[in-house]
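K.L.:
Starting off with a structure, shown below.
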Amino acid sequence: MILGVLVVGKKHSGGGTSSSPSKGGLNSISKSDIPSSAKGSVLDPFTWYETTDFNVTYTDATVGGLSVMGLNSTWDDSKRPNDKVPPLNQKFGYGVTPIRGVNIGGWLVLEPFITPSLFNSYDPKLGVVDEYTLSQRLGPTDAAKTLEKHYATFVTEQTFSDIATAGLDHVRIPYPYWAVTTYPGDPYVAKISWRYLLRGIEWARKYGIRVNLDLHSVPGSQNGWSHSGRQGSIGWINGTDGQLNVQRSLDIHDQLSQFFGQPRYKNIITIYGLLNEPKMIALPTEPVLEWTKNAFNTVRKNGVQAYVVFADGFLGLPNWQGKLQGLDGLVLDVHQYVIFNVDQIAYTHQNKIQFACSGWGVQMAQSVNVATGFGPTLCGEWSQADTDCTQYLNNVNVGARWDGTLNTGDPNTQVLAPACPKGGGGTCKCSDANADPSKYSSDYKQWLRMFAEAQMASFERAWGWFYWTWDTEAATQWSWKKGMAAGILPSRAYQRDFNCSSMVPDFARLPETY
């Protein structure tokens, strides 16, 4: 596949009279090189927000119907992020060598709590609560400009360099179905994020970081949460268009797996995720299992050799024993948090660490053994947060369990009394929980780091882990980058002080309400 030469350029706003698509870049192409049928489209680099590290030589070539525009024809798989893991062109010892990874959340799929600045300027009455409603409100032109600026600036090459320096060796990259296509009625910005996904993979390659591709949304929404793109009802499997959206999601995997089945991806994309967090407590089990089998077979048919990940769907690890067996290379993904459960969020600080060690640790060890669980298991998401107080974490303008303000409007999910330890005597306030890390006490910093290291140790009793997430605008306890800077995470993911073999202190000097 000939994809031309790389043109390295700087930020460009598009639509100008420059003969180069990147001001300050190489004058390798001119506007006359772009066919009239492609001008103004996603294949026209003169419309791109910036072109740094993109190949801007025009091509209409596709694989699986997906554009290769932006890629170079050569690549180098000789790098590794640190001396604890092999370079990309050598096998990673999954199941023996632990995954120590991080998510790049809030980048290609918006999450209001990660980038609240994109949401907090709107009057709550306007109902701008997710990427769907934000795109609707902005309209096609402004949505495209706003989203592409976000793609180009929220994650850069420096992100991947910093991830490698932090001792991490994998990234999980959530991306949406509208990176591939949109359907009638969708307000989403179509296909622009595809280009950035491909560039992110190449940046990961440059630093020897293996990639877990995570399809974070499917048509209709698999869980009705904002991070699926649209908050509200579940329209995948369920609802009037449920079966139509099932087929659409399989068609999307058909395209994706044709593209990522190419030789250039066999060493870098080592984990291929089928679907993030289908809400199986609200979906019928058998259709989800059938879809998983069909999606797995599609991916394998198209040549993807990576491990294929499916989500536990909130059913709990023990309930997966004996299910979906005989599918070679299938891996179970669980997401572990104590803060979305009214019983667990009320644990004391000591109890939370003990639970991370003896609860999650035992579950992971049992799950990874086919005699007691499913088999290969990893933790695809976890964090340090001990409250759910972060702005917009539970959806925009909803509130929190911690202080009893989780007003969802649904009697089955709302929490209108404080869920902090023992109710907190009325003292559990999110203003304390959301304090700047410079105000954390030394005891609280010690606890946060021990809680994080307890989780790492527990998840490494199976295949390992991916922290959620690399960076946020303000939420320190959800950002590996900010957590390191605050001294509540190790400077290298493999250099830790606590491994669950020691006694957990009672943290008697640490108030349980903060």
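The values are calculated or read from the model by the stated rules, or taken from the named source; none is laboratory data. Quantities reported herein were computed from a predicted structural model and do not represent experimental measurements. Every residue, glycine as well, gets a Cβ built from its backbone with ideal geometry; the counts of neighbours run over all protein chains shown.
K.L.:
Are any of the residues in the range 437-448 at pLDDT 95 or above, hydrophobic (A, V, I, L, M, F, W, C) and in a loop (DSSP other than H, G, I, E, B)?
P.N.:
No; the residues of the range 437-448 include none that is at pLDDT 95 or above, hydrophobic (A, V, I, L, M, F, W, C) and in a loop (DSSP other than H, G, I, E, B).
K.L.:
Residues of the range 175-200 being part of a helix (DSSP H, G or I) and without any contact (Cβ under 8 Å) to a residue 60 or more places away in the chain, which ones?
P.N.:
Matches in the range 175-200: W178 only.
K.L.:
Go through the range 397-413 and give me each residue that's closer than 17 Å to P116 by Cα and either in the same structural domain as E111 (by TED's automatic domain parsing) or at pLDDT below 90 (or both).
P.N.:
Within the range 397-413, just N397 meets the criteria.
K.L.:
Restricting attention to the range 495-514, and to residues there that are over 21 Å from G424 (Cβ atoms) and buried (at least 16 other Cβ atoms within 10 Å of the Cβ), which single residue is farthest from the chain's Cα centre (by Cα)?
P.N.:
Among those that are over 21 Å from G424 (Cβ atoms) and buried (at least 16 other Cβ atoms within 10 Å of the Cβ), it is V504.
K.L.:
All but one of (1) in contact with an Asp or Glu (Cβ under 8 Å, 6 or more places away or on another chain); (2) in a loop (DSSP other than H, G, I, E, B); (3) crowded, with 18+ Cβ neighbours inside 10 Å; (4) among the acidic types (D, E) hold for E453, so report the exception by its number.
P.N.:
If we test E453 against (1) in contact with an Asp or Glu (Cβ under 8 Å, 6 or more places away or on another chain); (2) in a loop (DSSP other than H, G, I, E, B); (3) crowded, with 18+ Cβ neighbours inside 10 Å; (4) among the acidic types (D, E), just (2) comes out false.
K.L.:
Further question: Check G127, G106, G93, G139 and return the single one that is within 25 Å of A166 (Cα to Cα) and either in the same structural domain as R195 (by TED's automatic domain parsing) or of a type in the set (D, E) (or both).
P.N.:
G106 is the lone residue from the list that is within 25 Å of A166 (Cα to Cα) and either in the same structural domain as R195 (by TED's automatic domain parsing) or of a type in the set (D, E) (or both).
K.L.:
Can you tell me which residue in the range 333-347 is surrounded by the fewest Cβ atoms within 10 Å (Cβ to Cβ), limited to those that are of a type outside the set (D, E, K, R) and out of contact with any Lys or Arg (no Cβ under 9 Å at 6 or more places or on another chain)?
P.N.:
Going through the range 333-347, the residues of a type outside the set (D, E, K, R) turn out to be 334-342, 344-347.
Now drop any that are not out of contact with any Lys or Arg (no Cβ under 9 Å at 6 or more places or on another chain), which leaves 334-337, 347.
Working: V334: 25, H335: 17, Q336: 22, Y337: 15, Y347: 19.
Residue satisfying both the conditions and the ranking: Y337.
K.L.:
I've got another one for you. Of all residues in the range 456-491, count the ones that are aromatic (F, W, Y), assigned to a loop (DSSP other than H, G, I, E, B) and under 14 Å from N103 (Cα atoms).
P.N.:
Total meeting the criteria: 2.
K.L.:
G409 passes all but one of (1) assigned to a loop (DSSP other than H, G, I, E, B); (2) touching a helix residue (DSSP H, G or I) at 6+ places or on another chain (Cβ under 6 Å); which number fails?
P.N.:
The failed condition is (2).
K.L.:
Pick from the range 246-281 the residues that are more than 17 Å from W194 (Cβ to Cβ) and over 22 Å from the mean Cα position of the chain (by Cα): which of them is surrounded by the fewest Cβ atoms within 10 Å (Cβ to Cβ)?
P.N.:
My answer is P263.
K.L.:
Testing W203 on (1) among the hydrophobic types (A, V, I, L, M, F, W, C); (2) over 18 Å from the mean Cα position of the chain (by Cα); (3) not in a loop (DSSP other than H, G, I, E, B), one condition comes back false. Which one is that?
P.N.:
(2)
K.L.:
Between S221, S233, S226, S217, which is among the hydroxyl-bearing types (S, T, Y), surrounded by 24 or more Cβ atoms within 10 Å (Cβ to Cβ) and more than 21 Å from K191 (Cβ to Cβ)?
P.N.:
After applying the criteria, what remains is S226.
K.L.:
When the range 396-417 is examined, which residues are found to be loosely packed, with under 15 Cβ neighbours inside 10 Å and either touching a Cys at 6+ places or on another chain (Cβ under 6 Å) or among the hydroxyl-bearing types (S, T, Y) (or both)?
P.N.:
Within the range 396-417, T408, T413 meet the criteria.
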